[in-house]
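One structure below.
The values are calculated or read from the model by the stated rules, or taken from the named source; none is laboratory data. The structure presented is a predicted model; accordingly, all values stated were derived computationally and were not measured. Counting neighbours? That spans all protein chains shown, and the Cβs are built from the backbone with ideal geometry, glycine included.
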Amino acid sequence: MLYFDHNATTPLCASAREAWLEASEQFAGNPSSPHRLGARADRALAEAREQLAAYLKCGPLDIVWTSGATESNNLVMHHYAQELASGAEVWLSAIEHPCVIEAAQSHFSGRVRFLPVNTGGELDIDTLRVRLTEKRPGLIAVMAANNETGVLQPWREVHDLCLTHKVPFFCDAAQWVGKLPAKGLGECDFVSGCAHKFGGPKGVGFLKCPSIGPVRSQLVGGPQEEGRRAGTENVASVFSMMAALKERETAMAEGDAQEREAWRNAFVMSLPGARVLGQGAPRLWNTVSALLPGDCRARWVVKLDKAGFAVSTGSACASGKEAPSHVLTAMGVSEEDTDRVVRFSSGWETTAEDWQALAKGVNTVARELEKLTAD
């Protein structure tokens with residue numbers, strides 16, 4: 001089975017596996033314990049914090065270890081629910097991950113406003129610019145890269161606008177970190193990420209937050225993470241995450257992402273009668289979200305699975321039980337068309353031959369579906 005669903009989760013890479021095993025043996029103590037084993041584990045966490053801060057270009061004390069991006073994103077909304085005035089609004093891009101949208105709506109009922117995107121899936125930065133001249137929200141959240149389409153968002157421009165208007169800025173970078181250089185993300189007020197999107201283990205992630213001033217912890221109990229996140233830190237998983245990130249950042253520095261983007265582009269050229277969503281916009285090198293011929297994407301996913309390819313749906317089939325993808329709806333894709341969107345997402349270990357095999361598989365399935373329709 002060839003795996004093309006890396007935007008959902010990635011297999012654990014070899015370096016991450018080795019780092020986890022090594023850390024499990026070397027750092028068995030609780031980082032909060034007063035004995036030497038505890039101190040050794042605490043020093044290991046501090047070193048990992050410095051490594052991540054160097055990639056993000058922020059201070060080590062800005063880093064909080066969490067269980068993943070979902071927890072990090074919920075922590076941000078919990079924090080601002082305590083910090084902001086009772087009438088303050090939170091502005092989100094219309095294509096944010098559900099864990100950001102749900103957390104915001106839970107904490108700011110009736111005070112969440114959505115920022116539109118264009119038909120290419122990019123945030124409408126001009127609309128945001130105009131809105132900021134009319135009103136000042138309590139928080140703006142715009143992701144770095146979209147999980148469904150791979151379209152990159154103008155987070156740097158949003159950050160600059162937030163600085164000008166003195167609005168805190170939160171960036172969910174779960175799909176960016178480990179696929180594109182993390183440098184500069186640390187300038188944002190809050191940034192979230194998770195290991196399992198780039199070859200690290202599931203159940204560990206981070207939140208970059210201001211080191212000056214309190215961050216209202218969502219999990220209470222112990223004083224870990226400078227009082228910003230209670231609970232014993234997962235030292236082995238943190239080490240494993242950093243090993244994976246080091247490997248990915250090294251590959252990007254050597255230009256490996258550009259080579260893989262060329263493989264992706266060759267696959268796009270081979271798609272039969274497909275419309276690639278966000279094709280004119282900057283996208284992650286690993287992602288293709290395609291509107292394929294036929295009546296429902298479920299048939300594509302099932303047939304490709306039988307052919308030996310694991311792919312994902314770009315939206316829910318309009319079956320009356322599930323709503324269409326909010327991302328595709330925000331892009332102006334009709335409900336009928338969202339039923340035919342399939343997402344292909346590769347990883348660092350995916351080869352050119354894998355992409356070529358997928359192209360053959362898609363074309364074979366296309367012929368099968370065409371024959372079924374004709375019959």
Original post:
If you take the residues of the stretch 288-311 that are at pLDDT below 95 and of a type in the set (Gly, Ala, Ser), which of them is nearest to Ala266 (Cα to Cα)?
Top reply: Gly294
Subject >> Residues that are touching a residue at least 24 places away in the same chain (Cβ under 8 Å) and of a type in the set (Gly, Ala, Ser), drawn from the stretch 4-56 >> reply: Ala8, Ser15, Ala16, Ala19, Ala23, Ser24, Ser32, Ala41, Ala44, Ala48, Ala53
Subject >> Residue tally, condition surrounded by fewer than 20 Cβ atoms within 10 Å (Cβ to Cβ) and within 19 Å of Asp256 (Cβ to Cβ), over the stretch 351-375 >> reply: 5
Original post:
Taking the stated definitions as given, is Trp285 at pLDDT 95 or above and either within 24 Å of His6 (Cβ to Cβ) or surrounded by 21 or more Cβ atoms within 10 Å (Cβ to Cβ) (or both)?
Top reply: yes
Subject >> Residues within the stretch 79-122 that are over 20 Å from Cys209 (Cβ atoms), more than 18 Å from the chain's Cα centre (by Cα) and of a type in the set (Val, Ile, Thr), tallied >> reply: 2
Subject >> One residue from Asn7, Asn73 being at pLDDT 95 or above, assigned to a loop (DSSP other than H, G, I, E, B) and touching a Leu at 6+ places or on another chain (Cβ under 9 Å) >> reply: Asn7
Original post:
Can you spot a residue in the stretch 190-201 that is of a type in the set (A, V, I, L, M), assigned to a loop (DSSP other than H, G, I, E, B), at pLDDT 95 or above and within 25 Å of Ala23 (Cβ to Cβ)?
Top reply: no
**OP:** Check whether at least one residue in the stretch 271-294 is more than 29 Å from Thr119 (Cβ to Cβ) and outside any helix (DSSP H, G or I), and report yes or no.
**Re:** no
Original post:
Only one of (1) outside the structural domain of Gly120 (by TED's automatic domain parsing); (2) buried (at least 17 other Cβ atoms within 10 Å of the Cβ); (3) not aliphatic (A, V, I, L, M) is not met by Glu233, so which one is it?
Top reply: (1)
Subject >> Boolean, Lys166 is closer than 30 Å to Ala257 by Cβ and among the charged types (D, E, K, R) >> reply: no
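Residues checked against (1) touching a strand residue (DSSP E or B) at 6+ places or on another chain (Cβ under 9 Å); (2) more than 27 Å from Met242 (Cα to Cα); (3) surrounded by fewer than 21 Cβ atoms within 10 Å (Cβ to Cβ):
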| residue | (1), (2), (3) |
| --- | --- |
| Ala28 | no, no, yes |
| Ala53 | yes, no, yes |
| Asp62 | yes, no, no |
| Ala85 | no, yes, yes |
| Arg111 | yes, yes, yes |
| Val117 | yes, yes, no |
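Does the stretch 154-165 contain any residue that is among the hydroxyl-bearing types (Ser, Thr, Tyr) and in a loop (DSSP other than H, G, I, E, B)?
Checking the stretch 154-165: not a single residue is among the hydroxyl-bearing types (Ser, Thr, Tyr) and in a loop (DSSP other than H, G, I, E, B).
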**OP:** Go through the stretch 1-19 and give me each residue that's polar (S, T, N, Q), more than 19 Å from the chain's Cα centre (by Cα) and within 26 Å of Lys306 (Cβ to Cβ).
**Re:** none
Original post:
Is it true that Thr127 is assigned to a helix (DSSP H, G or I) and not assigned by TED's automatic domain parsing to the domain that holds Leu291?
Top reply: yes
**OP:** Only residues in the stretch 217-230 that are farther than 14 Å from Leu45 by Cβ count as the first member; pair them with residues that are basic (Lys, Arg) and assigned to a loop (DSSP other than H, G, I, E, B), Cβ under 7 angstrom, at least 6 apart or cross-chain, and list the lot.
**Re:** Ser217/Arg228; Ser217/Arg229; Leu219/Arg229
